[in-house]
Amino acid sequence: MSAFTHPYFVHALLAGTAIALAAGLVGYFLVLRAQVFTGDALSHVAFTGALAALALGYDLRLGLFAATVLFAVLLGALGRRSRTDDVAIGSVFSWILGLGVFFLTLYTTSRNTGNGTAGVNVLFGSIFGLSSGQAELAAVVACFICLAVLAIARPLLFASIDEAVAAARRVPVRLLGIAFLILVGACAAEAAQAVGSLLLLGLLAAPAGAASRLTDRPYHSLALSAGLAVAEMWAGLALSYYVPQLPPSFAIMAVATAVYAVALIGVRRPRVRPGLAEA
């Protein structure tokens, strides 16, 4: 029987494709700007935000987006120019994770709920459990993130490669940095629905890391990162469908990791060209 005859698979494919496309675009700049640690921190924030919303009786997506976007703005405000401050991230990293455990305990002990797997879904995703409405909303939000990234891609690329020159040419590097972090936060909230908060960093970093080793042309690498993310999402969903013992989040990340490993071992890393001639 074809996978497309099952509504849950179609919903997962719709949401997963859009989420992967957004993750690939955002992830490229995350890797280029050496802000992968920021993505890791946001994964913990996504966990805490979702569980806080559940503990307080709200939709977990509200907690996901509110926590990640607000934390992204905070990081941008505390950082230097367009970059986040690793010290600021490290100062709240463990506290955020501990707060998430507190909300998990609060949710499981003080609320009378039949959804006992909510905590597991937050950690590892539940893309096969998305309804039609949830899948459509996820796709719309992810498409908005994609359009926003493409809209700021040229100046963000300039600021990422040579921040000092970009600032001298009156590119608003700090504003761009904060805007990018907001998009990272929104993308983290989206990706958490597909692969969970524990694994979302891999969806952001692995396709971009592989793309950066396969080409030194910025826009080619950006497109390749998005393409690899979508292909890995499709392959992971198909693998999980045909091998039901494999959770979809694990299957997606297994494919992404394998692709990155091949790029890491088999391809010599090119040097990113500082010029923006192709821009």
Residue hits (region 232-258; open to solvent by less than 50 Å² (accessible area, probe 1.4 Å) and of a type in the set (F, W, Y)) are Y241
Just the residues that are basic (K, R) and over 26 Å from L264 (Cβ atoms), please, taken from region 174-215.
R174
Within region 1-30, the residues that are open to solvent by 40 Å² or more (accessible area, probe 1.4 Å) and more than 30 Å from L104 (Cα to Cα) are M1, S2, F4, T5, H6, P7, V10, L21
Filtered residues of region 52-66 (kept if within 18 Å of A186 (Cβ to Cβ) and touching a residue at least 60 places away in the same chain (Cβ under 8 Å))
L60, R61, L64, F65
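Collect the residues in region 15-49 that are hydroxyl-bearing (S, T, Y), out of contact with any Asp or Glu (no Cβ under 9 Å at 6 or more places or on another chain) and closer than 17 Å to A179 by Cα, keeping them in residue-number order.
Taking region 15-49 and keeping what is hydroxyl-bearing (S, T, Y), we get 17, 28, 38, 43, 48.
Now drop any that are not out of contact with any Asp or Glu (no Cβ under 9 Å at 6 or more places or on another chain), which leaves 17, 28, 43, 48.
The answer is Y28, and nothing else.
Taking region 150-199 on its own, how many of its residues are of a type in the set (A, V, I, L, M) and within 15 Å of V69 (Cβ to Cβ)? Break it down into steps so the answer makes sense when it comes.
Of region 150-199, the ones of a type in the set (A, V, I, L, M) are 150-153, 156-157, 159, 161, 164-168, 171, 173, 175-176, 178-179, 181-184, 186, 188-189, 191-192, 194-195, 198-199.
Of the ones still in play, those that are also within 15 Å of V69 (Cβ to Cβ) are 178-179, 181-184, 186, 188-189, 191-192.
So the count comes out to 11.
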Could you check region 1-49 and list, in sequence order, the residues that are closer than 18 Å to A66 by Cα, among the small types (G, A, S) and within 12 Å of the chain's Cα centre (by Cα)?
G39, A41, S43, A46
Checked region 32-56 for anything within 23 Å of L137 (Cα to Cα) and open to solvent by 50 Å² or more (accessible area, probe 1.4 Å); matches are L56
List pairs: first in region 223-248 and over 21 Å from L150 (Cβ atoms) and aliphatic (A, V, I, L, M), second modelled with pLDDT under 95 and assigned to a loop (DSSP other than H, G, I, E, B), Cβ under 8 Å, 6+ apart or cross-chain?
L239/L246
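The values are calculated or read from the model by the stated rules, or taken from the named source; none is laboratory data. Because the structure is predicted, anything quoted here is derived from the model rather than measured. No Cβ is skipped: glycine too gets one built from the backbone with ideal geometry, and neighbour counts run over all protein chains shown. Quick note on the areas: whole protein, heavy atoms, side chains included, nothing else; ligands and nucleic acids left out. Shrake-Rupley method; radii C 1.70, N 1.55, O 1.52, S 1.80 Å.
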